[in-house]
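Structure record follows, encoded as structure tokens.
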Amino acid sequence: MKEQFINEQYNAIRNLLKQKRLKEALTQLESYLWQCPDWSLHSRLEQIQTSYNYMLQYMQKGTPDPDRQHLYLQLLVQSIDIADQARLLLLDESSSSYYHEYRRKKKEENPAYSLSMLMHTLESFTDDLAISRFESEEKQEEVLKRHEDAQKQMFLQTWTNSHWSTQDEADAKAMLASKILPVNDLCLFTSAVTLGMLTCFDLRKLMWLMDAYYHSSVFINQRALVGLAFAFHAYPERVKLYPEIGQRMTLIDDDESITFAEDLTRIYKQLLLCQETEKINKKMQEEIIPEMLKNVPNIRDMKLGFEDSDEEKDDSNPDWNMLENTKLGEQIREMGELQLEGADVYMSSFAALKTYPFFSDIHNWFLPFDNQHSSVIHTLGKEKLGSILDIILQSPMFCNSDKYSIAFTLTRIPQMQRDMMMGQLSEQQMDELAEQTKSSNLKGHSEQPTNVSNQYLHDLYRFFKLNTHRREFRDIFKEKIELHKIDSLREILLHLDLMGSIADFFLQKEHWAEASDVFLELTQLIKEEELDFGEEFQKLGYALQKQKRYPEAIAAYIDADIFIPDNLWTNSHLATCYRMSHQFEKALEYYKKVEDVEPENRTILFFQGSCLMQLHRYEEALKYFFKLDYMETNSMKAWRGIAWCSFVCNKREQAARHYEKIIAYKPVQMDFLNAGHVAWTSGEMEKAVMLYTKAKNFSSNKDEFIELFYKDKKDLLQQGIAEADIPLMLDLV
């Protein structure tokens with residue numbers, strides 16, 4: 001069977017099961033299994049069909065069955081499991097993906113290593129390595145190779161084991177409980193479980209990740225938490241079919257010894273922040289790096305000036321503040337703020353450094369950085385491990401994947417220069433730096449859950465975006481992530497303090513639709529629980545306003561006014577929304593409220609005049625425009641308002657005077673057109689033709705100009721222009 005056909009048939013069965021059309025799904029599943037080599041699946045399917053037929057017969061006879069719904073749910077789950085396993089087995093025979101290639105290879109291995117055997121090898125690594133150091137380099141190399149081979153085997157077997165048996169589950173729990181298994185190895189195993197879950201749903205793996213969240217090591221529990229977030233995102237409907245998942249999640253959420261809701265919200269926010277990486281990369285490549293290259297000479301001069309001018313260091317030198325007042329300075333500050341927020345600002349720098357042979361093995365993308373890894377030792381040398389470079393590689397600034405890239409990049413630097421780099425500091429300075437690196441503050445920073453989970457997500461982002469087999473994986477980072485909408489997580493996450501931070505994130509990043517969705521849920525919660533919050537209604541209104549959903553924005557702002565009455569910001573935005581939805585009387589009502597508080601607010605004055613113009617209350621509008629003209633120098637907005645209102649009020653001299661000022665300053669097409677109207681209605685025909693001609697020259701063709709001209713036809717007729725003269729004037733232009 002062709003790979004595309006296998007997937008199409010599978011999706012058809014899954015859709016039927018999703019719609020709970022079980023009888024049709026079982027019929028198609030029977031056909032799907034016809035070419036499947038695992039006959040145990042046929043047997044399981046027959047049992048499901050028999051049980052379902054009996055259930056339908058009992059129901060038809062009206063026989064009471066209190067367990068009917070529970071049994072039906074079980075049959076659905078078992079049917080989906082069979083479809084999952086059949087799909088993978090069929091693809092094993094036809095797919096060329098790395099996943100299925102390895103599964104085929106694993107079947108040929110005899111005997112295959114069990115997880116318990118691999119765990120024994122991994123557990124013995126620390127002691128074996130310590131002993132080997134007293135023997136020989138060859139022995140040490142042998143120990144490292146055995147350990148790294150076991151890591152790879154453990155990862156690949158776990159990833160490609162689509163359905164854990166009870167023995168597999170027991171072995172996995174033993175790994176979690178082991179006191180001597182290296183943390184890095186358990187980290188790698190946790191990532192393999194997560195990747196396996198994304199390939200094929202497995203209840204036992206999901207429950208194991210919940211257990212791993214309780215692990216004492218922050219590196220383990222944060223990987224498990226990320227794995228849970230990925231799993232719930234990938235299978236929002238599937239998890240609803242397992243009551244034990246809901247029960248377990250309730251227990252975790254009720255456990256006062258942990259902060260699961262806060263932790264999950266943090267992961268949610270970090271996931272969303274990862275999705276901003278492409279935008280950050282684009283900004284780095286198109287704006288910041290080119291701007292830095294342009295400023296290299298200035299930055300160099302500034303640096304030299306600083307170094308050579310100790311005697312005059314107290315003098316004010318404008319160059320010192322060069323970056324503060326430039327576009328580059330603003331961009332660098334913005335990048336600094338993003339980095340503090342946890343954004344991935346290094347992706348663009350390290351993307352080109354993922355072609356080393358180390359990254360050709362999938363498991364290495366998930367490996368915590370280890371300076372005892374053979375590839376690092378071969379690059380840096382054992383004697384260099386106390387160097388400044390090693391201190392850099394232990395810092396929390398870079399994710400694990402990037403640390404490996406830094407180490408391997410050194411191989412491109414000649415040995416002499418490399419030695420110079422590593423020997424720049426004196427022995428005393430090295431000791432001081434090493435002490436700082438080992439200090440509790442820095443160590444505590446690198447082991448904070450926020451930093452650990454963020455760096456791990458950066459590792460995952462690089463894997464899904466850069467690894468050579470990336471097209472074979474489902475890229476979560478490309479998808480719309482809405483953890484709060486998943487039924488199993490909704491009650492946990494939907495709290496004002498938690499989801500408020502997510503909504504604020506969307507607002508800050510200008511994702512207006514997402515922000516309004518979350519704020520809408522929060523405001524519903526406020527109304528249901530009769531809470532005294534108004535800011536959420538303001539933010540909801542703002543997000544809706546940015547989407548030009550003015551009626552909904554008005555409703556949100558009115559709700560905000562109930563909680564925070566007579567708020568200047570709310571009234572200002574209500575006025576804007578009413579004006580944009582052409583409710584000019586209501587807009588004026590709220591502009592007046594703002595004016596009462598800020599009588600000198602020029603923007604408010606202008607929009608009040610504009611609303612009065614729209615209501616044809618031109619004499620009132622003139623008062624506001626004249627006040628604005630008095631307050632501002634060369635106010636084009638005020639001049640245009642005065643000129644047009646004067647024109648329609650038959651104050652042609654005043655109108656002409658202001659259009660002359662506009663045309664002498666910064667005219668646009670409409671200024672020439674309107675000035676032409678004034679000249680024509682004043683009997684200055686030649687001037688009118690000249691002004692209309694200039695207005696026409698702004699248009700791409702005469703038809704476009706005529707269409708614009710006719711929009712003012714009503715005003716021209718009211719000013720005494722004969723309708724029959726309009727086409728004649730247009731012919732003169």
Legend entry - Distance from the range 1-32 to the range 142-199 (C-alpha centre basis), Å: 32
Inset, instruction - Over the chain, average the accessible area per residue using a 1.4 Å probe and give it in Å², no decimals. - result: 51
Legend entry - Helix-only mean residue ellipticity at 222 nm for the chain, each DSSP H run of n ≥ 4 adding -39500 (n - 2.57), per residue, nearest 500: -22000 deg cm²/dmol
Inset, instruction - Determine the share of the range 604-733's accessible area contributed by carbon and sulfur atoms, expressed in whole percent, with a 1.4 angstrom probe. - result: 52
Legend entry - Cα-centre dipole for the chain with unit charges at Cβ (Lys and Arg positive, Asp and Glu negative), debye to 20: 2600
Inset, instruction - Rounded, prolate or oblate: pick one for the range 547-611, where a ≥ b ≥ c are the square roots of the eigenvalues of its C-alpha gyration tensor, a/c under 1.5 means rounded, and failing that, prolate if a/b is larger than b/c, else oblate. - result: oblate
Inset, instruction - Report the label-to-label distance for residue 495 and residue 107 in nanometres (one decimal), using points 7 Å from each Cα along the Cα→Cβ vector. - result: 4.9
Inset, instruction - Under a cut-off of 28 Å between alpha-carbon atoms, report the lysines in cross-link reach of residue 23, not counting same-chain residues fewer than 8 places apart. - result: 2, 61, 240
Legend entry - Nearest 10 degrees, 0 to 90: helix 652-665 Cα axis against the chain principal axis: 50
Inset, instruction - Could you tell me whether the range 58-117 comes out rounded, prolate or oblate from its Cα gyration tensor? Rule is a ≥ b ≥ c as square roots of the eigenvalues, rounded for a/c under 1.5, then prolate if a/b exceeds b/c, otherwise oblate. - result: prolate
Legend entry - the range 10-27 residues near the modelled residue 65 label - backbone nitrogen below 13 Å, point 7 Å along Cα→Cβ: 23
Inset, instruction - Determine the relative contact order of the chain: mean sequence separation of Cα pairs under 8 Å and six or more apart, normalised by residue count, in whole percent. - result: 7
Legend entry - Tilt relative to the chain, helix 669-681 - C-alpha long axis, 0 to 90 degrees, to 10: 20
Inset, instruction - Using a/c under 1.5 as the rounded threshold, could you call the range 485-569 rounded, prolate or oblate? The axes a ≥ b ≥ c are square roots of the C-alpha gyration tensor eigenvalues, and prolate needs a/b larger than b/c, oblate otherwise. - result: oblate
Inset, instruction - Give me the distance in nm between label points sitting 7 Å out from Cα along the Cα-to-Cβ direction at residue 710 and residue 513, one decimal. - result: 3.6
Inset, instruction - Could you sort out which of 548/666; 539/623; 18/539; 651/687 sit more than 26 Å apart by Cα distance in this structure? - result: 548/666; 539/623; 18/539
Inset, instruction - State the label only: which of (i) 145, 67, 42; (ii) 90, 79, 52; (iii) 104, 97, 53 corresponds to Cα extents along the principal axes in Å computed from the shown model? - result: (iii)
Inset, instruction - Determine which aspartates and glutamates satisfy two conditions relative to residue 711: a Cα distance under 15 Å, and not lying fewer than 8 residues away in the same chain. - result: 671, 703, 723
Legend entry - Relative contact order (%) - criterion: Cα under 8 Å, at least six apart; region: the range 42-139: 18
Inset, instruction - May I ask you to derive the FRET efficiency for residue 664 and residue 4 from their Cβ-Cβ distance with R0 = 56 Å, giving the value to the nearest 0.05? - result: 0.20
Inset, instruction - Taking the chain as the reference, fit the longest principal axis to its C-alpha atoms, fit the long axis of helix 427-438 to the helix C-alpha atoms, and give the angle between the two in degrees, 0 to 90, nearest 10. - result: 90
Legend entry - the range 360-372 - phi-based ³J(HN,Hα) in whole Hz, Karplus 6.51/-1.76/1.60, Gly and Pro as x: 6, 8, 4, 5, 5, 5, 10, 7, x, 5, 9, 6, 8
Legend entry - Given charges at beta-carbon only (K, R positive; D, E negative), |dipole| of the range 40-162 in Debye: 680
Legend entry - Farthest positive-ward along the chain dipole, Cα basis, beta-carbon charges - from 643, 35, 597: 35
Inset, instruction - Please tell me the relative contact order of the range 647-733 in percent, rounded to the nearest whole number, where contacts are Cα pairs under 8 Å and at least six residues apart. - result: 27
Legend entry - residue 413/residue 468 FRET efficiency (R0 35 Å; Cβ-Cβ; nearest 0.05): 0.90
Legend entry - Contour minus Cα-Cα distance for residue 630 and residue 580 (0.36 nm per residue): 15.3 nm
Legend entry - Charge dipole (debye, nearest 20) of the range 1-74; +1 at Cβ of Lys and Arg, -1 at Cβ of Asp and Glu: 260
Inset, instruction - Would you calculate the separation in nanometres between label points at residue 117 and residue 592, each defined as 7 Å from the Cα along the Cα-to-beta-carbon direction? - result: 8.8
Inset, instruction - Place a label point 7 angstrom from the Cα of residue 38 along the Cα-to-Cβ direction, then list the residues of the range 169-196 whose backbone nitrogen is under 15 Å away. - result: 169
Inset, instruction - Just name one of 547, 700, 130: the one whose Cα is farthest towards the positive end of the charge dipole of the chain (beta-carbon charges, Lys/Arg +1, Asp/Glu -1). - result: 700
Legend entry - Fully extended contour minus Cα-Cα distance, from residue 687 to residue 58, at 0.36 nm per residue: 217.0 nm
Legend entry - FRET E, pair residue 524, residue 340, Förster distance 41 Å, beta-carbon r, rounded to 0.05: 0.80
Inset, instruction - Putting +1 on Lys and Arg Cβ atoms and -1 on Asp and Glu Cβ atoms, find which of 630, 683, 654 reaches farthest to the positive end of the dipole of the range 622-699. - result: 630
Inset, instruction - Using the Karplus curve 6.51 cos²θ - 1.76 cosθ + 1.60 with θ = phi - 60°, work out ³J(HN,Hα) for each residue of the range 50-60 in order, rounded to whole Hz, and write x for Gly and Pro. - result: 5, 4, 5, 4, 4, 4, 5, 5, 4, 5, 5
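The values are calculated or read from the model by the stated rules, or taken from the named source; none is laboratory data. Model, not experiment: these values are computed from the prediction. Heads up, the Cβs are rebuilt from the backbone with ideal geometry, glycines too, and the neighbour counts pull from every protein chain shown. Accessible surface is based on the protein model in full, side chains and every heavy atom, while ligands, DNA and RNA are left aside. Shrake-Rupley method; radii C 1.70, N 1.55, O 1.52, S 1.80 Å.
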